[in-house]
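Input: a single structure, listed below in structure tokens.
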Amino acid sequence: MERLVDLHVHLDGSLSLETVKELAARQGIEIQNDDILIKKLQVSKDCRDLNEYLTKFEYPLMLLQTIDSIEYAVYSLMKRQSEQNLLYSEIRFAPQLHTKKGLSQEEVVTASLKGRQKYFDELRQKENIKEGDIPSFYSNIILCCMRGNSNERENEETIRIAAEFLSDSDGVVAVDLAGAEALFPTSDYEKLFAHARAEGIPFTIHAGEAAGPESIRQAVDYGTARIGHGVNCIHDKNLMNIIAEKGITLELCPTSNLNTKIVNDIKDYPIDKIINNKIKVTINTDNMTVSGTDEASEMKLICDTFGYDGNMRRIFVDNAIDAAFLSNEMKEKLRGNL
Ligand SMILES: [Zn+2]
């Protein structure tokens, strides 16, 4: 079975049903039957837009407000990804959305890193891995800032703690900007990304999903290393040239884009146009539970629809390793595990 990489996967949108039940049980919350739970967590086939899509995060976020639950959620997502034959993943979440019961953003991130460590310790022991070597599956964390109108302080705090955790080089590798792109334009976040740049924090930005090419152009101007989605770049040839020249990689999430009606039919997904313009793309899940998908299904969907062969699959995985927020040394180690 081929090894896969998922660079764009949100923690809150990717909790398995079993994990959700376990989190509810641990907090004394009544566990509902599977049908009701699936309705709460996953979009219906006739999902209309991003607004409906975003309602599916309410229940998991309610469950992810304690140190124990965050630790367990990260642990179990990594376990699941490892079982799905992933080689590497970058799991993202917004620390500021997990502070409703009084946790600080720093405590939220520390809890996630504990969950990560717990899974690695388990895997290392199972695989008898020496110190310094990486196990068959590896994973890091991206911290999301959120688009919004009254959370400037929270976003600044996310950048501040990202800088702190990055200096430990132990799990946190980058920041992101997520949330309602059509309501809060990327141009509002100039100061935030100036701060990230000043701290030397690498970043990716959700852009060109619910908004047009101008949003992507702004992200490129900020110095983004990657773009989350970015499919709307196809409407601006000049922008596509710039993305290609700068070697910026797109994190495509096909089923998620179908759910939010960026395209109505996967046959209309503009991946060929993007690739033909020499832009590097990766295939990702975005939210495994909300979209009812996994990395292998996304890869299959794209390859079956567009007739891509094994070589193309390998290019998508190579692109993901190249674009990962990792040192060259770590990338080489990962390639050794392919
Ligand atoms: Zn996303």
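The values are calculated or read from the model by the stated rules, or taken from the named source; none is laboratory data. Since this is a predicted model, take the numbers as computed values, not measurements. Neighbour counts are summed over all protein chains in view; Cβ atoms, including those assigned to glycine, are modelled from backbone coordinates with ideal geometry.
Taken as a whole, the condition of being in contact (Cβ under 8 Å) with a residue 40 or more places away in the chain and touching a helix residue (DSSP H, G or I) at 6+ places or on another chain (Cβ under 6 Å) applies to GLU157.
Using the structure shown, decide if ASP168 is crowded, with 21+ Cβ neighbours inside 10 Å and either hydroxyl-bearing (Ser, Thr, Tyr) or under 24 Å from VAL108 (Cα atoms) (or both). The answer is no for ASP168.
Filtering region 1-35 to residues that are aliphatic (A, V, I, L, M) and assigned to a loop (DSSP other than H, G, I, E, B) leaves MET1, LEU11, LEU15, ILE29, ILE31. Considered as a group, the residues in region 184-195 that are surrounded by 14 or more Cβ atoms within 10 Å (Cβ to Cβ) and not hydroxyl-bearing (Ser, Thr, Tyr) include one that is farthest from the ligand (Cβ to nearest atom), and that residue is HIS195.
Conditions (1) in a loop (DSSP other than H, G, I, E, B); (2) in contact with a strand residue (DSSP E or B) (Cβ under 9 Å, 6 or more places away or on another chain); (3) of a type outside the set (A, V, I, L, M), marked per residue:
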position	(1), (2), (3)
GLU107	no, no, yes
SER112	no, yes, yes
GLY115	no, no, yes
ASP133	yes, no, yes
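GLU30 meets each of the listed conditions (1) modelled with pLDDT of 95 or more; (2) more than 16 Å from the ligand (Cβ to nearest atom); (3) among the acidic types (Asp, Glu) apart from (1). One residue alone among LYS246, LYS280 is within 24 Å of LEU143 (Cα to Cα), among the basic types (Lys, Arg) and in contact with a Leu (Cβ under 9 Å, 6 or more places away or on another chain), and that residue is LYS280.
Do the conditions hold for VAL281, that is, is it within 16 Å of the ligand (Cβ to nearest atom), surrounded by 15 or more Cβ atoms within 10 Å (Cβ to Cβ) and under 24 Å from ARG335 (Cα atoms)?
Working: within 16 Å of the ligand (Cβ to nearest atom): yes; surrounded by 15 or more Cβ atoms within 10 Å (Cβ to Cβ): yes; under 24 Å from ARG335 (Cα atoms): yes.
The answer is yes for VAL281.
Taken over region 194-208, the residue count meeting the criterion of being farther than 20 Å from LEU239 by Cα and either in contact with a Leu (Cβ under 9 Å, 6 or more places away or on another chain) or β-branched (Val, Ile, Thr) (or both) is 4. Listed by first and then second residue, the pairs linking a residue in region 36-64 that is at pLDDT 95 or above to a residue that is small (Gly, Ala, Ser) and in a helix (DSSP H, G or I), with Cβ atoms under 7 Å apart and 6 or more places separating them unless they lie on different chains, are LEU63/ALA24; LEU63/SER69; LEU64/ALA73. Selection within region 196-206: residues that are more than 16 Å from the ligand (Cβ to nearest atom) and buried (at least 17 other Cβ atoms within 10 Å of the Cβ). The member of this set that is farthest from the chain's Cα centre (by Cα) is ALA196. Right, THR249: in contact with a Ser or Thr (Cβ under 8 Å, 6 or more places away or on another chain), closer than 17 Å to ASP318 by Cα, surrounded by 15 or more Cβ atoms within 10 Å (Cβ to Cβ) and among the polar types (S, T, N, Q) or not? Yes; evaluated as a whole, the condition is true for this residue.
With respect to the conditions (1) more than 16 Å from the ligand (Cβ to nearest atom); (2) touching a Lys or Arg at 6+ places or on another chain (Cβ under 9 Å), LEU250 falls short on a single one, namely (1). Of everything listed in (1) more than 16 Å from the ligand (Cβ to nearest atom); (2) under 20 Å from the mean Cα position of the chain (by Cα); (3) closer than 18 Å to LEU50 by Cβ, the single unmet condition for VAL220 is (3).
Out of all the residues in region 174-204, which are among the small types (Gly, Ala, Ser), part of a loop (DSSP other than H, G, I, E, B) and over 25 Å from LEU50 (Cβ atoms)? Passing the criteria: only GLY200.
Restricting the search to region 76-92, which residues are in contact with a helix residue (DSSP H, G or I) (Cβ under 7 Å, 6 or more places away or on another chain), in contact (Cβ under 8 Å) with a residue 60 or more places away in the chain and not in a loop (DSSP other than H, G, I, E, B)? If you could, list the steps in order and put the result at the bottom.
First, the residues of region 76-92 that are in contact with a helix residue (DSSP H, G or I) (Cβ under 7 Å, 6 or more places away or on another chain): 76, 78-79, 82, 84, 86-89, 91.
When the remaining residues are screened for being in contact (Cβ under 8 Å) with a residue 60 or more places away in the chain, the result is 76, 78, 84, 86-89, 91.
The answer is SER76, MET78, LEU86, LEU87, TYR88, SER89, ILE91.
Given the criterion out of contact with any Leu (no Cβ under 7 Å at 6 or more places or on another chain), closer than 25 Å to GLU329 by Cα, part of a helix (DSSP H, G or I) and not hydrophobic (A, V, I, L, M, F, W, C), identify the matching residue among GLN125, GLN96. Before the answer, list the steps.
Working: GLN96 fails: closer than 25 Å to GLU329 by Cα.
The unique qualifying residue is GLN125.
Among the residues of region 36-75, what is the count of those that are under 26 Å from VAL109 (Cβ atoms) and not in a helix (DSSP H, G or I)? Total meeting the criteria: 5.
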